[in-house]
Amino acid sequence: MAMATTRAEDLIVCYSPKMVTAKGIWKGDNPLDYSIPLVILQMTIVVATTRIMVFVLKPLRQPRVVSEILGGVILGPSVLGRVQGFASTIFPSRSVMVLETMANVGLVYFLFLVGVEIDLTVLRKTGKRALAVAIGGMILPFVVGICFTIVLHERKPKSLNTATYILLLGVTLSVTAFPVLARILFELKLINSEIGKLAMSSALLNVMCAWILLAFAIATADNDAKSFASLWVLLASVGFVVVCIVFVRPAITWMVGTTSDGEPLSEFTICVILTGAMISGFITDAIGTHSVFGAFVFGLVIPNGALGVVLLEKLDDFVSGLLLPLFFAISGLKSNFASIDGRTWGVLAFITFLSCAGKIAGTMLVTMFLRMPYNDGFILGVLMNAKGLVELIVLNIGKDRKVLDDESFSVMVIVAVVMTAIISPIVATMYKPTRSSVSYERRTLQRALHDGELRLLVCIHTHRNVPAIINLLEASNPTTKSPLCIYVLHLVELTGHASGMLIVHNARKSKHVPTAKNRTQAQSDNIINAFESFEQHSSFVSIHPLTAISPYNSIHEDIYSVAEDKRVALVIIPFHKQQTVDGGMEGTNPAFGSVNQNLLAKAPCSVGILVDRGVSGSARVAANEVSRQVCVLFFGGPDDREALAYGWRMCENPGIALTVLRFVPGANATLSTMLPTDDPDNPNVLTVEATSSRENGLDDEYINDFRSKNDDDESIVYTENVVNSSEETVAAIRKLDNYHDLLIVGRGHGVMSPLTTGLTDWSECPELGAIGDILAESDFSSTASVLVIQQYIGSSQHELTGSPHSTSQSDDELIHRRTWSPKKTGYI
C-alpha cells in the first residue's frame, strides 16, 4: 500500500505472465487479480464515467473533450483515488502498463483518423488571412509559455531539460485543437459562417505548426549531452515524411484505383491501410519521435474520397467511443492536484488568464490589421483558445520523458480544461451572428416577377422524397424569361460521433460515383444524381446541391440560413408521413414533423409542405408534355393568395390544367359568432371584423386580377362554392373526386374564418393548417397529393401583395400596405 502512494517512476512493479484469465470465483480466484477481467472492468468504468460527464455538462454546451478529461481526473488520485482501496483495487500499478498500452493503440488510430479527415488541399486555399491569424495567435501565447517556464522551472530539479520544457509548455499554450474547435463551431451554428471558416483554416495551420514544434521538442527531450542524437531524430523524421509523400501516397492511390467503379474496397486493401498506420507508428517511435506522429502523417497521405469514408466508418465509433477515453483516464491517473502547493494555485490562475488573454490579444492585433470588426476579432481569439487531445499528448510525452513533473503536468491539465470550457459560454453570449443586412424582396411567390428567375429551396430527407419533388418542379413552368434556380438541400442528422462534424460540406457536385461510401454518403449521391439527371433532361433549370448535417432539433436553422443566403422565394419540404400500400398515411420519423413546425415558425420566405400521395408514380417526360390536373382551394388570406400564385405559375405550362375552387361564405356565415361575447362594441370583435374586411378586399383584388388575365385560357376553370359553416366546408372537400393529381391550399395561419371555425381543434398535424390536415388524412377519399403553402409575413407587409405579373406599385398602394401591421390585424 505504501508503494502505491509514491511516485510512479520510483516504483518497481512485478508482473505474472500466467495471471491473465481467472479460473472462476467458484475456485476461489479474485477476477481483479488477473489482467483481462481487470482491464474489462477498467474500460467499463472509464467509458461510463466519461458518458456521465458528457450528459452532465451537455446543458453547459461543453465539448466532449472537457467531459472526458474531467472523467479521467475524477478516476485519478485527485478525487476517487483518495478513497481508500479504490486506486489499489480498480487501478493497481500492475495494471497501468496494460491499460496505457491499449490507450496508446487507440491514440495512434485516432490521430490516424484525424490525419485522414484533414484535406491537405485546404492548406493551399487558406489564404493570407488564415495564416496571419494562426501565427498571430501562437506568438503571444508562446511568450506567455516562456514566462510560465521561468516561474515554475526555477524550483524544478536540474535534470529537467530547460529547452524542451519551454517548447512543451509553449506548444501546449499556443496550439489550437482542430477537432475540438470544429465541434464547438458546429454546436454554435458557426461552422459555415465567415468567422467559423476563418477559425477552422487558422486552426488547421496552427495544428501543423504545433506538430513541427512537437517534433523538435521530442528530439531535444533526451537529457544527455549527445546533441547529434537530436539532429538524427529530426533528419529521420523529415525523411519519414518525404517517403510517405513520395512513395506511400502513390502506392495507396494505385491500390484504390485498381477497384472497379461501383465495387467496394476489398478487405485486403483496408487491412493493408490499417496495418500501415501501426507500422508508421512503430517507425517514428523507433527513430525517436513518437508513434502518434507516424500515424498522423500516414493519415495525411491517405487520398481524399471513398477510402477515407470507409476508414472513418469502420474505426471512428470504436476508437473514439471506447479506446480514446482510456487515454484521458491515463492522463487523469497522472494528474494529482494535491501536488500543487498554495503558491502554484495563484500562479495557475494568473497563467490561465495570461494564456487566454495572449491568444485573444494576438488574434485581435491581426484582425485589426485585416480591418475586421473588433467583436469578431475578440470572438475569433476566444475560439482559438480551444484545447484538446494534442495538448494532452504533448503533456504526456513531457511527463514520460521526465521533462514535466507531477505539479507542472497537473497545472497544465487544468489550464487546458479551463481554456476550453469557457469558449462556448462566452461565444454563445457575446456573438450574435447577424444575418445579411441586405433584404431581398422576392421572399414570396406572389411577389416574384413573372419575367425573372425563380429561386426555390427543396429539402430532402431520404431518396423516397425525390420523385414527388422532381414532378412538382417539372410542373413549375421553367421558361426562358423565368428560369428555375433550385437549391437541393439534403437534410442529414448529426449522430454525435467525432467524424460527423468534419464531413459537413456546403455544396458539392457529384462528378463521379465513389467506389465505396457509407450509407449517408451513398444516399446523398443518389439524391444529387437524380436531380442532376433532371437538370440535364430539362430546359431553363439549374440545380445546386447542398448538404446540411445537424441535429434534428436545430437543423431548421440551417434551412433558414441557406434560404436567406440564396434569397429563395419558396422552401419546399416533405411531409413527415408517407402513403402506404393500402392508401393510408404512416409516420416515418417524428423528428421530421418537428423540423417542419420549427421551419414554419421563423422561415425567411414562403414555405410549402408536400404530402406525397403518388404524384411521383407517373413517368417523367419533357416539361412541355407533362399532363397534370391541379386544383387550388381558395378560402382567403395571404396563404391562399400564395397558393393561387403558385397555381397561376403552373397553369402557364401547356401540360397543366388548373381548377380554382373558391369557398365563399354564405349569408348565414358570420365572423362575429366566432368570439364568445355579447358586447357588440368589444374591441376584439371590431379588430377581427376590420381584418376580415381588409383581407376580403385583398382576396377579391387578387382573384379579379387572376381571372381578368386568364379569361381566354380554356385550361383554367374557376368555380365558387358557397358554404355557411365548417361542417359544410368539410362536406364539400370530401366530395372532391380523384380527377386531380395535386391539391394546393394555403395553411391559413392566423386567419379567422367562419368556414374553418373549430377545425383546428381536431387537427392531428397543425403544421398543415385546418384544411391541409383534412386533405392529408388517411381516410380522405382523394388520392391527390397535397401542397400546403404558408406565405412569408415579415415586417414589410407590402411584400404580400401584387400579382406575379406586376413589376411596380403606386406610392399610395405602398403607403397603405406598409401601415398594415400584423399585430393590429390579428396575425401571429
Next on the checklist: Can you find a residue that is part of a helix (DSSP H, G or I), at pLDDT 85 or above and open to solvent by 30 Å² or more (accessible area, probe 1.4 Å) anywhere in segment 587-594?
Outcome noted: yes
Item to check | Single residue of 297, 292, 309 found to be in contact with a Leu (Cβ under 7 Å, 6 or more places away or on another chain), more than 25 Å from residue 198 (Cβ to Cβ), in the same structural domain as residue 183 (by the TED database) and β-branched (Val, Ile, Thr) | outcome: 292
Checklist entry - Would segment 376-384 turn up any residue that is open to solvent by 10 Å² or more (accessible area, probe 1.4 Å) and at pLDDT below 90? => result yes
Item to check | segment 422-466, subset hydroxyl-bearing (Ser, Thr, Tyr) and more than 30 Å from residue 698 (Cα to Cα), residue modelled with the lowest pLDDT | outcome: 436
Item to check | Unmet criterion (only one of (1) in a strand (DSSP E or B); (2) modelled with pLDDT under 75) for residue 520 | outcome: (1)
Checklist entry - From the residues in segment 356-406 that are in contact with a Gly (Cβ under 8 Å, 6 or more places away or on another chain) and small (Gly, Ala, Ser), which one is nearest to residue 170 (Cα to Cα)? => result 362
Checklist outcome for this item: Note on residue 97: of the conditions (1) surrounded by 14 or more Cβ atoms within 10 Å (Cβ to Cβ); (2) more than 28 Å from the chain's Cα centre (by Cα); (3) assigned to a helix (DSSP H, G or I), unmet is (1)
Checklist entry - Of 178, 148, which residue is modelled with pLDDT of 80 or more and of a type in the set (Phe, Trp, Tyr)? => result 178
Checklist entry - Any idea how many residues of segment 390-404 are within 16 Å of residue 293 (Cβ to Cβ) and in contact (Cβ under 8 Å) with a residue 24 or more places away in the chain? => result 10
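Okay, residues lined up against (1) more than 15 Å from residue 91 (Cβ to Cβ); (2) modelled with pLDDT under 85; (3) not aromatic (Phe, Trp, Tyr):
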| residue | (1), (2), (3) |
| --- | --- |
| 13 | no, yes, yes |
| 20 | yes, yes, yes |
| 27 | yes, yes, yes |
| 36 | yes, no, yes |
| 49 | no, no, yes |
| 70 | yes, no, yes |
Item to check | Residue, nearest to residue 305 (Cα to Cα), within segment 235-250, restricted to residues that are within 34 Å of the chain's Cα centre (by Cα) and not basic (Lys, Arg) | outcome: 250
Item to check | Check on residue 396, buried (at least 19 other Cβ atoms within 10 Å of the Cβ) and part of a loop (DSSP other than H, G, I, E, B) | outcome: no
Next on the checklist: Can you tell me which residue is most open to solvent (accessible area, probe 1.4 Å) among those in segment 67-94 that are farther than 17 Å from residue 44 by Cβ, more than 38 Å from the chain's Cα centre (by Cα) and among the polar types (S, T, N, Q)?
Outcome noted: 84
Checklist entry - Wholly within segment 261-350, which helices (runs of 4 or more DSSP H) include no fewer than the required count, namely at least 2 residues that are within 27 Å of residue 83 (Cα to Cα), open to solvent by 10 Å² or more (accessible area, probe 1.4 Å) and in contact (Cβ under 8 Å) with a residue 24 or more places away in the chain? => result 324-334
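The values are calculated or read from the model by the stated rules, or taken from the named source; none is laboratory data. Quantities reported herein were computed from a predicted structural model and do not represent experimental measurements. Cβ coordinates were reconstructed from backbone atoms using ideal geometry, including for glycine residues, and neighbour counts include every protein chain displayed. Surface accessibility is based on the protein's heavy atoms, side chains included, excluding ligands, DNA and RNA. Shrake-Rupley method; radii C 1.70, N 1.55, O 1.52, S 1.80 Å.
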